[in-house]
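S.K.: First the structure, which I've put down as structure tokens, then a few questions once you've had a look.
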Amino acid sequence: MTEEAITVRSMTAGDLEFAQVLTDSEGWDNSARDWERLYSLNVGLVAEVEGAAAGVCTANDYGELGNIGNFVVAPAQRDHGIGRALVEAALERLARCRAVRVHSLMPSAGFYRAFGFVAEGMSTHFRLSPEMHGLVPFEVGDAEVESARSDWDELLALDARQFGGDRSRLLNTLADAVPEAAFAVEGGYILAKGEDTHYELGPWVVESGCQRWRQLLEAAMAALPREATLEITVPSPNFRVTSLLETQGWEAVDYMLAMVRGGEWSDESNICARAGGDKG
């Protein structure tokens, strides 16, 4: 196979089942609804070999910042330049961003270094089993938090200040994904995605001095079915969050290396949890 035989194009609706099969093969729990949401944002890319789909990734453009994620090549097609072609196409799409990030699984770090990505930190992926979720000892009343949509413009402004880019399109889709677990307090918010028996919390973002940051998580957990497995990905600087999760029975199940190409990424000390689906 030559690199000339590989083409990369935008994802179409007909690619969604293929994309889900690939992420399912990696155990990433992307649902059909997740891929429909990503397709609606027009961030998906598909690599083809002689007209047959062979790999996928997403490229999210947030203005100053960009993110590459959901990056998988079909096992039988690996080591033939398909991954390189996908990343090159994603970087071209994100060319206007001053910094591009990928959250790499540890075995893939060397691959991204070849593109100029530099390691800058770690993230911990936590999971709460249905058994532990059912034992969570709190119930949060309606007066404790508000719907994330209650002051949407302020929520978007808060996220832009803390994240450093414009994630309004992404956040709109996430606020609609699981509205019963989308909450805000003064100086912070939390969203979620998922369905039935599996949910992922994030983004969860606060500003310095937010007094009710913990209640955001507790409200989201209480709003979701107790028989559901919950997951959350926490950036390494947030020791107060990891300490809280450990006391509640969350288990650290995986680690990802945050890698950046270009300029420096924004400070993440107030990003309590990342949005899901961005590993590769």
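S.K.: Which trypsin sites (Lys or Arg not before Pro) from the range 82-139 combine a DSSP loop assignment with at most 15 other Cβ atoms within 10 Å?
M.R.: Of the trypsin sites (Lys or Arg not before Pro), the ones in loops of the range 82-139 whose Cβ has at most 15 other Cβ atoms within 10 Å are 96, 98.
S.K.: Separate question: With no solvent and one equal point scatterer placed on each C-alpha of the range 12-168, evaluate the Debye formula and give log10 I(q)/I(0) for q = 0.19, 0.21 Å⁻¹, two decimals.
M.R.: With one equal scatterer per Cα and no solvent, log10 I(q)/I(0) is -1.32, -1.44.
S.K.: Just to confirm, what accessible area per residue do you get for the range 148-213 at 1.4 Å probe, in whole Å²?
M.R.: Each residue of the range 148-213 exposes 40 Å² on average to a 1.4 Å probe.
S.K.: Of all accessible surface on the chain at a 1.4 Å probe, what whole percent is carbon and sulfur?
M.R.: That share works out to 48 percent.
S.K.: On a C-alpha basis, how far is the centre of the range 17-64 from the centre of the range 204-278 in Å? Whole number, if you could?
M.R.: 24
S.K.: Separate question: Could you calculate, for the range 82-208, the ratio of the Cα radius of gyration to the Kirkwood radius, expressed as Rg to Rh?
M.R.: Looking at the range 82-208, the ratio lands at 1.02.
S.K.: Convex hull volume of the Cα atoms in the chain, per residue, in Å³?
M.R.: Dividing the Cα hull volume of the chain by its residue count gives 117 Å³.
S.K.: Among the GluC sites (Glu not before Pro) within the range 157-260, which fall in a DSSP loop and have no more than 16 other Cβ atoms within 10 Å of their own Cβ?
M.R.: Details: sites: 180, 186, 195, 200, 207, 218, 227, 231, 246, 251; in loops: 186, 207, 227.
Of the GluC sites (Glu not before Pro), the ones in loops of the range 157-260 whose Cβ has at most 16 other Cβ atoms within 10 Å are 186, 207, 227.
S.K.: Further, regarding this structure: What fraction, in whole percent, of alpha-carbon pairs in the range 13-99 exceed 18 Å separation?
M.R.: So the portion of pairs separated by more than 18 Å is 41 percent.
S.K.: Return the long-range amide H neighbours of residue 55 (sequence gap of 5 or more, or a different chain), with a cut-off of under 5 Å between placed amide H atoms.
M.R.: 47, 74
S.K.: Given a 1.4 angstrom probe, what's the average accessible area per residue across the range 1-131, in square angstrom?
M.R.: With all protein chains present, the range 1-131 gives 44 Å² per residue.
S.K.: Accessible area per residue of the range 220-271 at 1.4 Å probe, in Å²?
M.R.: Averaged over the residues of the range 220-271, the accessible area is 41 Å².
S.K.: How about the range 82-162: which GluC sites (Glu not before Pro) there are in a DSSP loop, with at most 10 other Cβ atoms within 10 Å of their Cβ? Present the calculation step by step, with values, prior to reporting the outcome.
M.R.: Numbers: sites: 88, 92, 120, 131, 139, 144, 146, 154; in loops: 139, 144.
Those satisfying the criteria are 139.
The values are calculated or read from the model by the stated rules, or taken from the named source; none is laboratory data. Owing to the predicted nature of the structure, the values given are computational and were not obtained by experimental measurement. Backbone-built Cβ (ideal geometry, glycine too); neighbour counts: all protein chains shown. Just so you know, the surface numbers come from the protein's heavy atoms only, side chains and all, with ligands and any DNA or RNA stripped out. Shrake-Rupley method; radii C 1.70, N 1.55, O 1.52, S 1.80 Å.
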